[in-house]
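J.: Sharing a structure here in structure tokens format.
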Amino acid sequence: MSDTTTSPGATGPLAGIRIVDLSAVISGPFATAMLADQGADVIVVEQAHAPDIIRDSGPLGPGTQGVSALYAAMNRNKRSIALDLKHEAGRATLLDLVRTADVVVQNFRPGALDRLGLGWEALSVVNPELVMCSVSGFGSDGPYSNRPAFDPIVQSVAGYPSVQLDEHGAPKLVATAVCDKVTSMHVAQSICAALVGRANGKGGQHIEIAMVEAGIHFLWPEAMWNYTYLDHETDMPDLSDIYKLYETEDGWAMVYPVATDAHWRSMCEALGRGDLAVDPRFADLQGRVRNGDEVNDELQAETKRFTTADLVALMDRADVPAAPVNTRQGMIDDPHVRFRGTVAESVHPTAGRIRQVRPPARFSKTPSSLFRHAPCFGEHTDEVLRSVLGRSAEEIAELRASGAVR
């Protein structure tokens with residue numbers, strides 16, 4: 001429904017798709033950033049008197065005007081307008097935007113948009129072809145539906161800390177917003193699926209995604225493998241019991257010895273431990289997993305004899321999966337990361353030089369791109385009202401004077 005002239009530089013496969021993004025923080029914005037990377041015209045609607053809280057979260061340089069490092073990552077390639085959705089003219093402006101949109105994304109608490117007269121029932125009337133994705137912590141019903149939800153809360157309900165036990169058996173959170181970001185991937189994928197459905201004649205539809213369900217879905221395959229069979233008792237060790245980092249002479253490395261039989265034999269030969277290759281405890285994958293502690297002890301005794309670089313080079317020659325354990329700066333400087341151009345640098349008008357990760361999907365005909373900086377609060381209000389909705393300068397001034405927009 002949109003036109004590509006509103007997204008200068010957009011070359012991705014979603015060019016021509018317009019998304020009105022009412023979401024904040026991570027679960028919605030990270031998803032719409034992925035879609036914006038792929039060419040969609042994403043218009044972020046921030047609350048006129050309550051900008052997205054992540055504008056002030058994490059590192060915030062002087063003079064950046066609310067573009068924190070976290071906000072920059074979550075909102076690149078988007079435009080920002082500021083509307084007061086409690087103001088009649090602000091709501092009317094949003095409805096006019098929705099008429100031009102293909103997609104609306106929101107992560108208000110369940111029922112909040114309905115109380116404003118801006119829920120699915122209202123928006124689908126003004127735009128029957130609309131795809132709307134509503135994101136919440138726990139879904140629109142159930143005993144937890146009205147709880148405030150942040151990533152550590154969702155991780156805890158979904159069982160993540162029990163998979164991250166430390167050496168003393170104490171549960172630990174995953175040290176990144178894993179449930180937020182996994183949810184974002186489901187949001188982006190489900191929106192694209194709904195757009196395909198619409199193109200195939202199914203019309204618009206409403207999508208509901210609960211963070212806790214996305215989190216459990218992501219955790220399930222291997223973390224819950226002992227809870228899969230209902231007719232059989234299983235006691236396979238968790239991958240958290242098997243995956244270990246190995247100390248070297250000058251740092252740490254990851255060697256993956258439990259994969260294929262060929263990898264296991266090659267590793268044993270490279271380390272001069274032919275005895276392990278014929279040890280019946282480790283003869284197959286099941287054995288190496290069940291005896292993971294012994295595998296780790298044997299391997300740790302060997303890796304300390306090498307520097308990290310020498311160990312990884314030795315494993316490479318033997319075609320055994322291995323890698324150095326990079327620091328954060330080491331990841332940026334990693335020769336493969338540099339060769340692939342994974343981390344890009346650009347200049348933001350208020351934040352200065354910044355680093356960003358390039359879109360991971362590489363399309364042969366419709367490449368993704370970093371074509372627009374993360375916006376300052378309400379940076380594009382006038383532009384969107386003028387170019388998308390056709391408002392005159394006088395009408396924009398009147399809306400601003402009334403407090404409906406900022």
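The values are calculated or read from the model by the stated rules, or taken from the named source; none is laboratory data. Every value quoted in this text rests on a predicted model; they were computed, and no experiment measured them. Note that each Cβ is placed from the backbone with ideal geometry, even for glycine, and that neighbours are counted across all protein chains shown.
J.: Inspect all residues belonging to segment 175-190 and state whether any of them is farther than 25 Å from LEU35 by Cα and either free of Cβ contacts under 8 Å to residues at least 12 places away in the same chain or surrounded by fewer than 16 Cβ atoms within 10 Å (Cβ to Cβ) (or both). I'd like the intermediate steps shown before the answer.
T.: If we filter segment 175-190 for residues that are farther than 25 Å from LEU35 by Cα, which is where we start, we get 175.
From the residues that got through so far, the ones that are either free of Cβ contacts under 8 Å to residues at least 12 places away in the same chain or surrounded by fewer than 16 Cβ atoms within 10 Å (Cβ to Cβ) (or both) too are 175.
Yes: one or more hits.
J.: If you go through segment 316-326 one residue at a time, do you hit one that is of a type outside the set (Lys, Arg) and touching a Gly at 6+ places or on another chain (Cβ under 9 Å)? If you could, list the steps in order and put the result at the bottom.
T.: In the first step, residues of segment 316-326 are kept if they are of a type outside the set (Lys, Arg); the result is 316, 318-326.
Imposing the further condition that a residue be touching a Gly at 6+ places or on another chain (Cβ under 9 Å) reduces the set to 324-325.
Yes, segment 316-326 contains at least one residue that is of a type outside the set (Lys, Arg) and touching a Gly at 6+ places or on another chain (Cβ under 9 Å).
J.: Quickly run through segment 156-174 and pick out the residues that are free of Cβ contacts under 8 Å to residues at least 12 places away in the same chain and in contact with a helix residue (DSSP H, G or I) (Cβ under 8 Å, 6 or more places away or on another chain). Lay out the reasoning, then the answer.
T.: The first filter runs over segment 156-174 and keeps only residues free of Cβ contacts under 8 Å to residues at least 12 places away in the same chain, leaving 162, 166-172.
Selection gives PRO171, LYS172.
J.: Taking the condition in contact with a helix residue (DSSP H, G or I) (Cβ under 9 Å, 6 or more places away or on another chain), surrounded by fewer than 16 Cβ atoms within 10 Å (Cβ to Cβ) and in the same structural domain as VAL67 (by TED's automatic domain parsing), does GLU398 pass? Working first, answer last.
T.: Values: in contact with a helix residue (DSSP H, G or I) (Cβ under 9 Å, 6 or more places away or on another chain): yes; surrounded by fewer than 16 Cβ atoms within 10 Å (Cβ to Cβ): yes; in the same structural domain as VAL67 (by TED's automatic domain parsing): yes.
Yes, satisfied.
J.: In the set SER124, SER145, SER80, which member is polar (S, T, N, Q), under 19 Å from MET34 (Cα atoms) and at pLDDT 95 or above?
T.: Details: SER124 fails: under 19 Å from MET34 (Cα atoms); SER145 fails: under 19 Å from MET34 (Cα atoms).
Checking each option against the conditions leaves just SER80.
J.: Would you point out the residue of segment 148-161, among those that are surrounded by fewer than 17 Cβ atoms within 10 Å (Cβ to Cβ) and under 22 Å from PHE30 (Cα atoms), that is modelled with the lowest pLDDT?
T.: Selected residue: PRO148.
J.: Would you check which residues across segment 250-260 are at pLDDT 95 or above and surrounded by 13 or more Cβ atoms within 10 Å (Cβ to Cβ) and list them?
T.: GLY251, TRP252, ALA253, MET254, VAL255
J.: What are the pairs, 6+ residues apart or on separate chains, where a residue within segment 317-337 that is more than 19 Å from LEU245 (Cβ to Cβ) has its Cβ under 6 Å from a residue that is assigned to a strand (DSSP E or B)?
T.: ILE332/VAL343
J.: Yes or no: segment 117-124 includes at least one residue that is touching a residue at least 60 places away in the same chain (Cβ under 8 Å), assigned by TED's automatic domain parsing to the domain that holds ARG18 and buried (at least 22 other Cβ atoms within 10 Å of the Cβ).
T.: No, the conditions are met nowhere in segment 117-124.
J.: Regarding SER136, is this residue of a type in the set (Gly, Ala, Ser), more than 20 Å from the chain's Cα centre (by Cα) and modelled with pLDDT of 95 or more? Explain how you work it out, then say what you get.
T.: Values: of a type in the set (Gly, Ala, Ser): yes; more than 20 Å from the chain's Cα centre (by Cα): no; modelled with pLDDT of 95 or more: yes.
Taking the combined requirement at face value, the residue does not satisfy it.
J.: When segment 90-117 is examined, which residues are found to be assigned to a loop (DSSP other than H, G, I, E, B), among the aliphatic types (A, V, I, L, M) and under 20 Å from SER402 (Cβ atoms)? Lay out the reasoning, then the answer.
T.: Going through segment 90-117, the residues assigned to a loop (DSSP other than H, G, I, E, B) turn out to be 100-102, 107-111, 116-117.
Narrowing the set further to residues that are among the aliphatic types (A, V, I, L, M) leaves 101, 116.
Selection gives LEU116 alone.
J.: Here's something else I'd like to know. Assuming VAL347 fulfils every condition listed in (1) in contact with a strand residue (DSSP E or B) (Cβ under 7 Å, 6 or more places away or on another chain); (2) in a helix (DSSP H, G or I); (3) of a type in the set (A, V, I, L, M, F, W, C) apart from one, which condition is it?
T.: (2)
J.: I'd like to know if segment 296-318 contains one or more residues that are part of a loop (DSSP other than H, G, I, E, B), closer than 19 Å to THR260 by Cα and touching a Phe, Trp or Tyr at 6+ places or on another chain (Cβ under 8 Å). Steps first, answer last, please.
T.: Of segment 296-318, the ones part of a loop (DSSP other than H, G, I, E, B) are 304-307, 318.
From what is left, the residues that are closer than 19 Å to THR260 by Cα are 318.
From what is left, the residues that are touching a Phe, Trp or Tyr at 6+ places or on another chain (Cβ under 8 Å) are none.
Within segment 296-318, not a single residue is part of a loop (DSSP other than H, G, I, E, B), closer than 19 Å to THR260 by Cα and touching a Phe, Trp or Tyr at 6+ places or on another chain (Cβ under 8 Å).
J.: Is segment 353-360 home to any residue that is in the same structural domain as ASP21 (by TED's automatic domain parsing), over 21 Å from ILE54 (Cα atoms) and surrounded by fewer than 14 Cβ atoms within 10 Å (Cβ to Cβ)?
T.: yes
J.: Which one is nearest to ALA177 (Cα to Cα) among residues in segment 214-256 that are of a type in the set (Val, Ile, Thr), touching a residue at least 24 places away in the same chain (Cβ under 8 Å) and in contact with a Phe, Trp or Tyr (Cβ under 8 Å, 6 or more places away or on another chain)?
T.: Of all residues in segment 214-256, those of a type in the set (Val, Ile, Thr) come to 216, 228, 234, 242, 248, 255.
Filter once more, keeping what is touching a residue at least 24 places away in the same chain (Cβ under 8 Å): 216, 242, 248, 255.
Now restrict to residues that are in contact with a Phe, Trp or Tyr (Cβ under 8 Å, 6 or more places away or on another chain): 248, 255.
Values: THR248: 30, VAL255: 26 Å.
My answer is VAL255.
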